[in-house]
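Notes to accompany the following structure.
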Amino acid sequence: MQKLRIAIQKSGRLSEKSIQLLNDCGISVSNGNRTLLASGKNFPVEILYLRDDDIPGYIEDGVADVGILGENVVLEKGNDLIVISRLSFARCRMSIAIPRGEEYTGPEYLQGKRIATSYPRILRRYLDENNIKADIHEILGSVEIAPSIGLSGAIFDIVSTGSTLLSNGLKEVEVVLKSEAVLVSGKNLAPEKQAILDKLMFRLNSVMKGRTNRYVLLNAPNDSLQKIVDIIPGMKSPTIVPLAEEGWSAVHSVISEDRFWEVIDQLKEAGAQGILVIPIEKMVN
Ligand code: PRT
Ligand code: ZN
């Protein structure tokens, strides 16, 4: 039987979360000793553990079928990849930074400068779009030290908290793109593999939805129920159950995590009490 080959990062910022995501999809993947190729225990997949930079090439050559990697790597190294799903982890931005003491006047500042980066393709595109002629100096690691050793006047690199820039005397002046982990596939998957991928996507969507929503339970006087139902319509409509105390009901619903605090405030204002918020493991539609 055919198996879907999933490439994930062998060790690094994406590894644990990639394994966790597959596990949450019911695919047990060992994170013990990562041999190059391992079989999923209860789903027709094989896991290939690779350096993230190698994943696009392996997929494009047909050695792997799908992979989990940062969008930044997809944009820099991928030619023929399809982004199937955004995965909401390993979020970061790709930014231009310059020495803190310099005055930044806008993208024009970069005209004629030398910029050090490990992402020449993404940087080239940004510079071209802004009609900036600058010299891109490609280096593979420790990009952040380039200005202090006189190698370049600016850098283009991944930024998360910004503390690496800070401790190297740099300041972030342009956010060129935002990135997160994504699931990518090659073009033209064999039908049998596509069918496995469809199954995996059904599970993945349920897990992703569960992660981005919360189950809410609250009590409210009956005369505020309509207001509350309008605030939290839920998947279909909220469940309303009468409480033992006359004139009161319990309301159960689902709310999206990104609206969470705003919704909680509105619920309290509408008269909700005893609000409980519970994580959702999976949401199957
Ligand atoms: O060995 P392999 O080649 O597989 O791994 P790698 O060293 O190339 O990649 P890895 O594991 O460091 O990162 C994998 C992916 O995680 C990246 O391609 C990004 O998509 C994503 N990611 C998210 C990050 C960061 N956050 C991040 N902060 N990748 C790198 N960093 C670096 C950043 O460049 C800085 O130097 O971490 C440092 C700390 O960042 P600050 O801003 O928090 O100080
Ligand atoms: Zn890498």
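The values are calculated or read from the model by the stated rules, or taken from the named source; none is laboratory data. Computed from a predicted model, the values in this text were never measured in an experiment. All Cβ positions, glycine included, derive from the backbone under ideal geometry; neighbour counts span all protein chains shown. Just so you know, the surface numbers come from the protein's heavy atoms only, side chains and all, with ligands and any DNA or RNA stripped out. Shrake-Rupley method; radii C 1.70, N 1.55, O 1.52, S 1.80 Å.
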Scanning segment 90-119 for residues that are in a loop (DSSP other than H, G, I, E, B) and more than 16 Å from ligand 2 (Cβ to nearest atom) gives Arg91, Arg100, Gly101, Glu102, Glu103, Tyr104, Thr105, Gly106, Gln111, Gly112, Lys113
Apart from one, (1) in contact with an Asp or Glu (Cβ under 9 Å, 6 or more places away or on another chain); (2) crowded, with 16+ Cβ neighbours inside 10 Å all hold for Asn130; the odd one out is (2)
Those residues of segment 52-86 which are among the basic types (Lys, Arg) and touching a strand residue (DSSP E or B) at 6+ places or on another chain (Cβ under 7 Å) amount to Arg86
Those residues of segment 102-112 that are of a type outside the set (Asp, Glu) and without any contact (Cβ under 8 Å) to a residue 24 or more places away in the chain come to a total of 4
Within segment 146-190, residues of a type in the set (Phe, Trp, Tyr) and not assigned by TED's automatic domain parsing to the domain that holds Ala134 come out as none
Fill in: Flag if Ile158 is touching a strand residue (DSSP E or B) at 6+ places or on another chain (Cβ under 6 Å) and open to solvent by 40 Å² or more (accessible area, probe 1.4 Å)
yes
If we ask which residues in segment 260-281 are without any contact (Cβ under 8 Å) to a residue 24 or more places away in the chain and open to solvent by 100 Å² or more (accessible area, probe 1.4 Å), their number turns out to be 3
Of the conditions (1) over 24 Å from Glu16 (Cβ atoms); (2) modelled with pLDDT of 95 or more, the single one that Thr105 does not satisfy is (2)
Counting only strands (runs of 3 or more DSSP E) wholly inside segment 168-242, the ones holding at least 2 residues that are open to solvent by 30 Å² or more (accessible area, probe 1.4 Å) are 170-179, 213-221, 239-242
Scanning segment 16-65 residue by residue, those of a type in the set (Lys, Arg) and more than 16 Å from ligand 1 (Cβ to nearest atom) turn out to be Lys41
Filtering strands (runs of 3 or more DSSP E) wholly in segment 1-79 for at least 3 residues that are at pLDDT 95 or above and crowded, with 24+ Cβ neighbours inside 10 Å gives 4-9, 66-70
